[in-house]
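Quick note: the coordinates plus some simple rules give every number you see, no bench work behind them. Just so it is clear, the structure is predicted and the values come from calculations on it, not from any experiment. Cβ placement follows ideal geometry from the backbone for every residue including glycine, while neighbour counts extend to all protein chains displayed.
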Amino acid sequence: MKTQSLECACIKSLYKSEIYDQREFNGVKALKLMLGSDAKEFKANFFIGGEDTPYKVSVTWYDARIAHEIRSEFRFYYEANPVMDSATIGDNIVIGFDRKNVLTCILYKINNSEHQGNIQEWVKIK
């Protein structure tokens, strides 16, 4: 699985809270543009960059502040899985849709040649 095979994708580097504390990513502008404003549940394929083994995982896209009148805080929750269990602070995560419209998450370890360096906020790459 290569990032190039995704039709639409976003990337960011992982923080401690995203992999150890919460198992969720805060969904700012780039993710919201891709996933929309409605709560959704997906079956997503998780991969480690350079490997072909997918791990099918349930994920949820939701607004944690839906009851708040003027504030929203979108989050992308993922179930525990071997890919994210191997994640460390600073690894890159790419989230996007493949050509079959399957939500796909690819983890690029710091030592992977496709790692893009430290990306503090979600950035649209396709």
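Here are some notes:
- Percentage relative contact order, the chain, counting C-alpha pairs under 8 Å, at least six apart: 38 percent
- Computed from the C-beta positions of Val123 and Ala39 and an R0 of 22 Å, the FRET efficiency is 0.40 to the nearest 0.05.
- Subtracting the Cα-Cα distance of Glu51 and Gln22 from 0.36 nm times their residue separation leaves 7.9 nm of extension gain.
- Beyond 21 Å in Cα-Cα separation lie the following of the pairs Lys43/Lys100; Lys56/Lys100; Lys43/Lys109: Lys43/Lys109.
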